[in-house]
Amino acid sequence: MNGPKTWSLAASLHPEIAAAYDAAQERAATEIIGWLGEHATTQIGPRGRQVQVPVEKLEAIVVRHYTSRAGDPHRHLHLQINARVFAAGRWRGLHSVGVVDSIEGSTGSATPR
């Protein structure tokens, strides 16, 4: 997650802008993780008769960077979601098609297949 380069440049010059920008990115990451936790699904059952069930536990990590690969100011976050989720008593694979559909969808809602 990142914003325009000018925001990173301003943050590198003004600590109060840096704090506000970092907090905004953190809030965005929290919102994304929360939304996925509420809408992500996994599939259970034998092949061909699988049903989707809600995810009970989702793990994610946020890694913060302050510079670009070239070394210039570029505040951004990398958000990684674990492909394994907990549901129906055990760890299973995240139904990634539903996650991709939710990212691509214009309504912002997951559309499980």
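Every read-out reported here was derived from the displayed coordinates using simple, explicitly stated rules and does not represent laboratory data. Since the model is a prediction, treat every value here as computed from it, not as a measurement. Neighbour counts are summed over all protein chains in view; Cβ atoms, including those assigned to glycine, are modelled from backbone coordinates with ideal geometry.
The residue of the stretch 30-46 that is surrounded by the most Cβ atoms within 10 Å (Cβ to Cβ), among those that are farther than 30 Å from Ala10 by Cα and touching a Leu at 6+ places or on another chain (Cβ under 9 Å), is Thr42. For the stretch 47-70, a residue qualifies if it is among the basic types (Lys, Arg) and outside any loop (DSSP other than H, G, I, E, B), and the qualifying residues are Lys57, Arg64. Tell me yes or no: at least one residue of the stretch 5-24 is part of a strand (DSSP E or B) and surrounded by 13 or more Cβ atoms within 10 Å (Cβ to Cβ). Looking for residues that are part of a strand (DSSP E or B) and surrounded by 13 or more Cβ atoms within 10 Å (Cβ to Cβ), one finds none in the stretch 5-24, hence no.
Exactly one residue out of Arg49, Arg27, Arg64 is over 20 Å from the mean Cα position of the chain (by Cα) and loosely packed, with under 15 Cβ neighbours inside 10 Å: that is Arg49.
Within the stretch 67-87, which residues are in contact with an Asp or Glu (Cβ under 6 Å, 6 or more places away or on another chain) and surrounded by 14 or more Cβ atoms within 10 Å (Cβ to Cβ)? If the condition is that a residue be in contact with an Asp or Glu (Cβ under 6 Å, 6 or more places away or on another chain) and surrounded by 14 or more Cβ atoms within 10 Å (Cβ to Cβ), then Phe86, Ala87 are the ones that fit.
Pairs meeting the criteria (first residue in the stretch 17-41 and more than 14 Å from Gln80 (Cα to Cα), second residue of a type in the set (Phe, Trp, Tyr), beta carbons under 7 Å, at least 6 apart or on different chains) are Tyr21/Trp7. Looking at the structure I just gave you, is Trp91 in contact with a Lys or Arg (Cβ under 8 Å, 6 or more places away or on another chain), aromatic (Phe, Trp, Tyr), without any contact (Cβ under 8 Å) to a residue 12 or more places away in the chain and surrounded by 11 or more Cβ atoms within 10 Å (Cβ to Cβ)? Yes, satisfied.
When the stretch 52-61 is filtered for residues that are within 30 Å of Gly3 (Cβ to Cβ) and loosely packed, with under 12 Cβ neighbours inside 10 Å, only Ile61 remains.
Counting the residues of the stretch 45-76 that are hydrophobic (A, V, I, L, M, F, W, C) and in contact with a Lys or Arg (Cβ under 7 Å, 6 or more places away or on another chain) gives 0.
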